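Student: Dropping a structure here in structure tokens format, bear with me for questions.
The values are calculated or read from the model by the stated rules, or taken from the named source; none is laboratory data. Here the structure is a predicted model, which means the values were calculated and not measured. Positions of Cβ are generated from backbone atoms using ideal geometry, with glycine treated the same way; all protein chains shown enter the neighbour counts. Heavy atoms of the whole protein, side chains included, go into the accessibility calculation; ligands, DNA and RNA do not. Shrake-Rupley method; radii C 1.70, N 1.55, O 1.52, S 1.80 Å.
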Amino acid sequence: MCNNLVMEYVKFWILVFCTFTTISHTSAESDEDDDYLTFPPGFRLGAGGAAYQIEGAWNVSGKGVSVWDTFTHTYPQNIKDGSNGDVACDSYHKYKEDVRLVKEIGLKYYRFSLSWTRILPTGYPNVVSKDGLRYYNDLIDELHRNGIEPVVTLYHWDLPQVLEDQGGWTNDEVVNWFGDYARIVFTEFGPKVKIFTTINEPTSFCREGYGHLNRAPNKDLDPCGTYLCGHNALKAHARAYHIYDREFRPTQNGKIGIVFACPGQIAKNPGDEATVDTYYQFTCGWFAHPIYSEEGDYPQIMKTRVAKNSFDEGYFRSRLPVFSPKWIEYIRGTADYFGLNHYTSVLVEEAPKERETILDTGIHASVDSSWPDTATSWLKIVPSGFGGILRKIRDEYNNPNVFVLENGCSDNRTTLSDTQRIEYFYSYLKEMITAIKRDGCNVTMYSIWSLLDNFEWNDGYAEGFGIVQVDFKDPNRTRTPKLSVDRWKEVVRTRKLQPLNPTIEDASELFGHQGRKRSAKC
Ligand code: NOJ
């Protein structure tokens, strides 16, 4: 009897102890989870679009012709639906509606790009279009009137055709052409713009526009053209940076940087971090290393691999152009922030020589069949890759201040109920906030790509990245918010991520892979 009583007594205290530790463990976990759903103080949210993708008005008021005008008009068969950006979202006429949408969602800034040929119809500063200046001044003023900060990209792929006819980004005169254009932009808009971005995703237009026939300007110049384009893009960016730094920063006091396309990379064979790093250096590092690393210049692995392949192929010098020490110094440090575009990730593995590899990486990239598809063939949903790339940038360049200038996913434009996009944002943003709060990544801005469904380059209007749908059959280009606009309004109001289904607390349940609680090191 006595023994029984003792047993009951012991059982009782074991129960009390277990209940207590379970409760405290659960609440610690959910506090932490909750924290990773909430934006840090001062963190800014915005949305974006780019001139050729949204403006339309391709030939009004004397606007000059750009490579994308030429490409879409000459090769409509290269665009999925045979369309072009002649009218696009007609933001040239409807910019006030766009600004109103940004305001209604509650976003703090709007990223847009300038059309070089709208401002300089001849491509050169000998003719400055009054109408071009008026349009962008009106847009910037409208943003300020509504308490929205303009974030301005100088170049989002629409080079003046006249400059392309002289070699475009493969002619090193582009350094002067771009510098002259940049000086006009800073003079005209600098007093009202505090964040400039020089060039958007040079990897994309160099590889796809100059490397092989795909996008404007439709050149087929590999195995050398891609690197030559990139070389001049880095120099042109640095020229614009120094012009701003010397001539405008003292009075305008803004920030200027460049935007890198940085996919995530995950080892196909667990532990193969060398391959992961090589792939990173040939994508993000190609442009980031010359600007952000202490020593400057291209990543060593890139210089070594391209040189080796070039000599093996019988060239007398590396197909990757060489920077002089003067240029290395001139380019190094030319960014006030790290502009990051990130959408998706790939699995990487060393490839046997005969297998197709990306540039000179010697790497084969693939996707995991468990990664969910989106309407865009190359865009799989891999939230963990976002955290991985943020930590990689932190580790590579001494934790620079990162502005996420594009992130989002596409739908096939048949529904306003864009639930997949809501899940995408939730899972990617949770990764980002975790990278900031747990891992100390210095990210302070995040931009939804994109505000509107727009001309998605070779995919035309067949898919849309917008949180707002645009009816491209309607001459009025009516804008209709998708479900994610509702969700974004909540996110902005509460400064907290909102899952699609409030009963699903964790995005790993939605996308079921790549555990969320990895160690701080990637
Ligand atoms: C990056 C480009 O900057 C943007 O123009 C494009 O719409 C998105 N990727 C999605 O493809």
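Student: Pick out the one residue from Ala57, Ala47 that is buried (at least 23 other Cβ atoms within 10 Å of the Cβ), of a type in the set (A, V, I, L, M) and at pLDDT 95 or above.
Tutor: Ala47
Student: Quick one: in the stretch 197-216, which of the residues that are of a type outside the set (Gly, Ala, Ser) and away from the ligand (no atom under 16 Å from the Cβ) is least open to solvent (accessible area, probe 1.4 Å)?
Tutor: In this case the residue turns out to be Tyr210.
Student: Within the bounds of the stretch 253-264, is there any residue that is more than 16 Å from the ligand (Cβ to nearest atom), open to solvent by 20 Å² or more (accessible area, probe 1.4 Å), assigned to a loop (DSSP other than H, G, I, E, B) and of a type in the set (Gly, Ala, Ser)?
Tutor: No.
Student: Between a first residue in the stretch 69-83 that is open to solvent by less than 20 Å² (accessible area, probe 1.4 Å) and a second residue that is of a type in the set (Asp, Glu) and at pLDDT 95 or above, which pairs have beta carbons less than 9 Å apart while being 6 or more apart in sequence or on different chains?
Tutor: Qualifying pairs under 9 Å: Asp69/Asp86; Asp69/Asp158; Thr72/Asp86; Ile79/Asp459.
Student: Among the residues of the stretch 387-411, write down those that are touching a His at 6+ places or on another chain (Cβ under 9 Å) and away from the ligand (no atom under 16 Å from the Cβ).
Tutor: Selection gives Leu390, Glu396, Tyr397.
Student: Still on this structure, please answer the following. If I filter the stretch 367-381 down to residues being free of Cβ contacts under 8 Å to residues at least 40 places away in the same chain and within 13 Å of the ligand (Cβ to nearest atom), which single residue comes out as least open to solvent (accessible area, probe 1.4 Å)?
Tutor: Leu379
Student: Got a sec? Which helices (runs of 4 or more DSSP H) wholly within the stretch 142-208 have at least 3 residues that are touching a strand residue (DSSP E or B) at 6+ places or on another chain (Cβ under 9 Å) and under 23 Å from Thr70 (Cβ atoms)?
Tutor: Qualifying helices (runs of 4 or more DSSP H): 174-189, 202-205.
Student: A further question on this structure: Looking at the stretch 498-521, can you tell me whether even one residue there is at pLDDT 70 or above, out of contact with any strand residue (DSSP E or B) (no Cβ under 9 Å at 6 or more places or on another chain), in a helix (DSSP H, G or I) and over 21 Å from Val402 (Cβ atoms)?
Tutor: No, that holds for no residue.
Student: Condition check: farther than 14 Å from Gln281 by Cβ, of a type in the set (Ser, Thr, Tyr) and within 16 Å of the ligand (Cβ to nearest atom). Does Ser345 satisfy that?
Tutor: yes
Student: Can you spot a residue in the stretch 382-401 that is crowded, with 23+ Cβ neighbours inside 10 Å and in a loop (DSSP other than H, G, I, E, B)?
Tutor: Looking for residues that are crowded, with 23+ Cβ neighbours inside 10 Å and in a loop (DSSP other than H, G, I, E, B), one finds at least one in the stretch 382-401, hence yes.
Student: Which pairs do you get when a residue that is under 20 Å from Asn458 (Cβ atoms) and among the small types (Gly, Ala, Ser), found in the stretch 401-414, comes within reach of a residue that is part of a loop (DSSP other than H, G, I, E, B) and within 10 Å of the ligand (Cβ to nearest atom), reach meaning Cβ atoms under 8 angstrom, with the pair 6+ apart or on two chains?
Tutor: Short answer, once both residue conditions are applied: Gly408/Tyr343; Gly408/Ser450; Gly408/Phe465; Ser410/Thr376; Ser410/Leu379; Ser410/Glu456; Ser410/Glu463; Ser410/Phe465.
Student: Considering only residues that are of a type in the set (A, V, I, L, M, F, W, C), within 16 Å of the ligand (Cβ to nearest atom) and assigned to a helix (DSSP H, G or I), which ones fall in the stretch 412-463?
Tutor: Scanning the stretch 412-463 gives Phe425, Trp457.
Student: In addition: Sort out which residues of the stretch 226-281 are farther than 28 Å from Leu213 by Cβ and basic (Lys, Arg), and write them in order of number.
Tutor: Arg239, Arg246, Arg249, Lys255, Lys268 - these are the residues of the stretch 226-281 that are farther than 28 Å from Leu213 by Cβ and basic (Lys, Arg).
Student: Could you grab me the full set of residues in the stretch 306-363 that are farther than 25 Å from Arg246 by Cα and acidic (Asp, Glu)?
Tutor: Asp312, Glu313, Glu349, Glu350, Glu354, Glu356, Asp360
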